Amino acid sequence: MAIRRLFVANRGEIAVRIIRAAQARGIATVLGVSAADRETLGAEMADRTVVLGPAAAAKSYLDERLIVHAAKATGCDALHPGYGFLSEKPALAALCEEEGIAFVGPRPDTIARLGDKMSARALAQAAGVPCVPGTDHIASLAEARAAAERLGYPVVMKASAGGGGRGMFRADTPADLAAGFDRASREAEGAFGDPRLYMERFVTAARHVEVQILGDGQGGVVHFGARDCSVQRRYQKLIEEAPAAAMPAPLRAAMQEAAVRLCAHAHYRAAGTVEFLYDVARGAFYFIEVNSRIQVEHPVSEAITGADLIGLQLAVAGGEGLGLAQEDVRFDGHAIEVRINAEDPRADFAPAPGRITRWEPPAGPGLRLDTHARAGYLVPPFYDSMIGKLIAHGPTRASAIDRLVAAIDAFVIEGVRTTLPLARFILTHPDFRADRITTRWLEETGLPAFAAAA
Amino acid sequence: MTKTPTDRHSDDVAFIEALAGILARNDLTELAVRRTWGEDDSLDVRVARHTTVAPAAPVVQAVAAAPATAAASAGPVAAPAVEDPAQHPGAVTSPMVGTAYLAPEPGATPFVSVGATVAEGQTLLIIEAMKTMNQIPSPRAGVVRRILIEDGTPVEYGAPLMIVE
């Protein structure tokens, strides 16, 4: 049964994006907002807006009872959670299910299963998808040496009982293992009351790659190619691109196939992303986790495939099925997205909320801007600082970079500081141009170079 | 660029007077304008001529201030009035979206009625969201002057529920 009225349980640019996708399909929209977001672009576009609670997200965007109550009270038959907030909380999906509202996302049990690292890893292994090679508990130095020979140096030893780096050390040689083993055991014992350690292969040069998939919930799954999101600071992505061009094509194809296999095995419903770590030196990929929602960077996949991923989410949630097979997904060119955050990259990324006094976005072939910002918009201090995403598509990676740099140069934003100057710096850096960066590149090389260039 | 509060106030008065003029010239009965300069910085004005029929929506009903000034037949005299009960100093507003209930259960005696004296913290009504009952306490000791919603009314965050002063 196709969706007639959709409740949008999010804010910012993704609320605008979801409302547009719904409108294109003739679906009425109700937007749930906090008191701080009453007069936003999304609130103007939606057929109706309901004020859920005060500005604090815990009393508005993060309260599934208020959201589902508002969805029911306004006669909605479906709910889109966007990303962040409650999008990956089984409680919201479960409450929607109880109330007969179609949740635009996976089933609650799927979300719970993928949300737990251990059960997600078990699922990947059951589907024959490679995880970072590692061991079970290691009881002695002799056992550790044997395991390291098998896995190949460098390796990392971690405490079985905890995280936070305690009991953890990297070993590049057997001598490193001998030097660190006893101390790490004692540290683990002291910190967690459990001296046991385990070992994983250490990936020296890693790239963050991920596969966009869409499942029908019956085992039917198609993928929309791979993205590379290696430009990160403290695990926050700044620049994303598609395809993951740094990966050799046969390896990328194998990874895409593995992502489809995993999601088919889980009878995954809706859009999702399977994240992998790409070990550049070994030419291998390892499963990290599944994000059971639409992601911020979905537009780069849309750019190279021409698909409307949010529209497809709505079709699947409305019971219309995928409507396309893998061979219908065609790939064309290269796309890059930069996130525009209201943060000062020259002041340790301090949030820079405030009123946007000028907002003159660029236009041109291959450009897309997803945003809720405009002149006069007050960037509120309560939420994520992202105010937009600028995406450039071109026939080649080089042309996409050129278009994006030109677009950043033409973009006039006044009133708030943004991360665009940093994005421009990265895009024009020789390492990015040559596509030889890793997940540690920005923090180790990019940011120091940016600071020095100031 | 920033205006002082005094500037803003006289601007507002001039603006309201201009609206009253438009109302009179065009023989309208009501005119509402919302101007937003920013968050927590807006002006809500409703200019109305007194009519005998009360508006249907309960929340819009005006506090009938100084009715002596204008009878309906007295010609185009506009009475400027800021109407939003949420702005009333005694207003109790909803802390969330939900359904308002005036009694603890259907058919039971309401928590309070107009004219009742209430203590600070005394339950005035319930806002229900997904079967969670949230008792709304009186923010102050006083008298219930008005009840702005009916039993079972859907309310949003910030909606005025009662006036207690």
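List of remarks:
- Some residue of the stretch A:106-118 being facing chain B (nearest Cβ under 9 Å), among the aliphatic types (A, V, I, L, M) and over 22 Å from A:V296 (Cα atoms): no
- Scanning the stretch B:89-98 for residues that are crowded, with 16+ Cβ neighbours inside 10 Å and away from every other protein chain (no Cβ under 13 Å) gives B:G90, B:A91, B:V92.
- Boolean, A:R282 is within 30 Å of A:G152 (Cα to Cα), of a type in the set (D, E, K, R) and surrounded by fewer than 15 Cβ atoms within 10 Å (Cβ to Cβ): yes
- Check on A:E289, assigned by TED's automatic domain parsing to the domain that holds A:R424, at pLDDT below 95 and within 18 Å of the chain's Cα centre (by Cα): yes
- Residues in the stretch A:344-360 that are at positive phi and assigned to a loop (DSSP other than H, G, I, E, B) were compared, and the one that is farthest from the other protein chains (Cβ to nearest Cβ) is A:D348.
- Inter-residue pairs, beta-carbon under 7 Å, first more than 13 Å from A:L427 (Cα to Cα) and in the stretch A:385-400, second of a type outside the set (D, E, K, R) and at pLDDT below 95, 6+ apart: A:S385/A:P351
- Only one of the listed residues (A:A258, A:A245) is touching a residue at least 12 places away in the same chain (Cβ under 8 Å), of a type in the set (A, V, I, L, M) and part of a loop (DSSP other than H, G, I, E, B). That residue is A:A245.
- No other residue among A:G105, A:G128, A:G165 is part of a loop (DSSP other than H, G, I, E, B) and modelled with pLDDT under 95 apart from A:G165.
- Checking each residue of the stretch A:324-332 against the condition of being on the phi > 0 side of the Ramachandran plot and not in a loop (DSSP other than H, G, I, E, B) gives no match.
- Strands (runs of 3 or more DSSP E) within the stretch B:99-165 that include 3 or more residues more than 14 Å from chain A (Cβ to nearest Cβ) and either surrounded by 20 or more Cβ atoms within 10 Å (Cβ to Cβ) or not basic (K, R) (or both): B:123-129, B:142-147, B:160-164
- For the stretch A:21-61, a residue qualifies if it is more than 14 Å from chain B (Cβ to nearest Cβ), surrounded by fewer than 23 Cβ atoms within 10 Å (Cβ to Cβ) and free of Cβ contacts under 8 Å to residues at least 60 places away in the same chain, and the qualifying residues are A:Q23, A:G26, A:A28, A:M45, A:D47.
The values are calculated or read from the model by the stated rules, or taken from the named source; none is laboratory data. Computed from a prediction, not measured in an experiment: that's the story for all the values here. Cβ coordinates were reconstructed from backbone atoms using ideal geometry, including for glycine residues, and neighbour counts include every protein chain displayed.
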